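Report on one structure; see the data block that follows.
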Amino acid sequence: MRAEPEAVSPAGGEARARTRVRAEVPLHRSLLVRLLAVSVMIAVCSVAATAWLAARTTSSAIQQEQGQLLSSDTEIYDTVVGYAAVHPDWNGVAPTLRRLAERTGRRITLTTQSRRRIAASSTSTSALPTRASAVVDPLHTDPALLAGGGTDRIDPRAVGPYRLTTAERKNLRLWADKILACLRGTTGAATLTEEPSGRPAIRLPDSALDGSFVDQGCGLDLLGMPAPTEAGPLNRLTTMVNDCLEREKQPLVKFGMDFVIRTKGDSQAARTCLDTARRDQLTPYVAPAALLYVTTPAGTVVAPAFHLSSAGTARLAGVAGLVLLVTVAVTVVVGTRLVRPLRALADAARRPVEEHQRVPVTTNDEIGFLAAAFNDLSQRRERVEGRRRAMVSDVAHELRTPLSTIRGWLEAVQDGIATSDQALVDSLLEEALLLQHIVDDLQDLAEADAGQLRVHPEPLRVRDLLDHVTTVHHGRAETAGVTLTARTDGDPELSGDPVRLRQVVGNLVSNALRHTPSGGSVTLLARRAGDEVTIEVADTGTGIPAEDLPRVFDRFWRADKSRSRRTGGSGLGLAIVRRLTEAHGGTVTVASTVGAGTVFTVSLPV
């Protein structure tokens, strides 16, 4: 006897299919991860777009409001300082404050340095803030808050004794017009302005201020000569400055109506003395320093606040709508891609069972695995359906033959064609026993399929099990001319149902005797291997082709289709062997070589 070591499990294909379906989905292909990524992307884009638009709109609105506040504050400060520069006191400033309040929507209050109220734009008596908005002093201004800017701390509108008379203004203007006409012929461009004192001033273009300009007899330098009204105050100012420099032991200086020191003695000390002398000279002509309070009409400090404009609201709504549109579009696209294969699965599942639909596997995520599992299920269902039909056909065929035989003989006896004798009764009884055997086998398989097959384990010796089976089949083996032997390595024991195990070994021996020609042998061998007891039933029969090995445990299957029920059995014996072995927690395998023989191996746990 020669046997190949190949062992075939009938459930191998289905097990591999289930393993493939249960395979882990790669993380980057996971449907959950993809949905989470899309949701996070949409949320991030929505939040980012909304935050960006809100920040841009808020910043723009705040900048606009701050610009309006700064413009209003500059206007208020410049106007009040201008009033102080041309008035020796604050009498009559109230109308000016009211006009400013009407234009800017603020409440404006002036107080002395000791916070005694001088004038206000309203009659409200609410308390003033603890800190003034600015100090109004035309001789110590904040150039950043003045409309004209500049760097001189003395307001240029504070001219005091330097204000020209009407006649002097007229004469200087005529002279300036002549100089302007002359300069335009040489420089190409020049403008005429009037200073707060009434003195005309000519401004040259930037191209003429690079040091290359030469007054070609137009008399521009003479325009800077002091008028009679200005000569006296200018001389007194020069004396005050030089007296200051003498005390500081600094060189004496000279300057003109522009108050620019033009001598080599120009220093920080000279500049300080000039500024101090100018302030002393102008003090009697300007209003005293005062505190300026700019508040809201309710009396609170003005703070930057913004109100979203209609354009800003429209932009915000537009971007929000765009984000919503993109969100809906992305959701629809992703949802459509996800639903399409699910609809295909649903349509395939609703098809009639007989069609055995398949669905395409287009993705490598959970849906793709579901489609693969559906296809695998459909394939297995198709196989099961085929087996069911074949089994129904086989059962009908197996039952039809003995029933036809019994009916034929009974009708023959009824018609008087045959005589009811002992031989006929024995034949009919044999046919009935065959029917009973098939029905019993089918009942065992039905109980196994329903999970109702019960075994009653008890300790037993495997040697006794083999001896019992050998004794039962000894007569049949002698009749067939086959040598039937049994041996055991040692004396293994196990826990099992003795009746069911005798049925297992008996079916294998019966199958081996049926397929072993005269002169062959059938050998039973039992041994213990670790925690298992193996029982081998080996024959020297015709063998089974390799392509048929996976089907030997199928119901009603016969390797040789030409065999009849009497020579090939019912085709249920090996199926029952597998079910009973599995009920004991064991396995059964087969290895065979055509022309050499077959070995069935039953492995049972101890």
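All told, Leu370 meets the bar of being closer than 20 Å to Val38 by Cβ, modelled with pLDDT of 75 or more and either buried (at least 16 other Cβ atoms within 10 Å of the Cβ) or of a type in the set (Gly, Ala, Ser) (or both).
Of the residues Val505, Val455, the single one that is closer than 23 Å to Thr587 by Cα and assigned to a loop (DSSP other than H, G, I, E, B) is Val455. The set of residues from the range 243-271 being free of Cβ contacts under 8 Å to residues at least 24 places away in the same chain and assigned to a helix (DSSP H, G or I) comprises Asp243, Glu246, Arg247, Gln268, Arg271. Selection of the range 88-106 for residues being outside any helix (DSSP H, G or I) and surrounded by fewer than 16 Cβ atoms within 10 Å (Cβ to Cβ) yields Pro88, Asp89, Asn91, Gly92, Gly105. Taking the range 344-356 as the range and being surrounded by 15 or more Cβ atoms within 10 Å (Cβ to Cβ) and either modelled with pLDDT of 70 or more or in a helix (DSSP H, G or I) (or both) as the test, the residues that pass are Ala344, Leu345, Ala348.
A search for C-beta distances below 6 Å between a residue of the range 453-478 that is assigned by TED's automatic domain parsing to the domain that holds Glu536 and any residue that is assigned to a loop (DSSP other than H, G, I, E, B), counting only pairs 6+ apart in sequence or on different chains, returns Val455/Asp497; His456/Asp497; Pro457/Asp497; Val462/Pro492; Arg463/Asp491. Under the condition of being charged (D, E, K, R) and within 24 Å of Gly586 (Cβ to Cβ), which residue from the range 536-563 is modelled with the lowest pLDDT? This residue is Arg555.
The values are calculated or read from the model by the stated rules, or taken from the named source; none is laboratory data. Predicted, not measured: the structure shown is a model, and the values here were computed from it. Cβ coordinates were reconstructed from backbone atoms using ideal geometry, including for glycine residues, and neighbour counts include every protein chain displayed.
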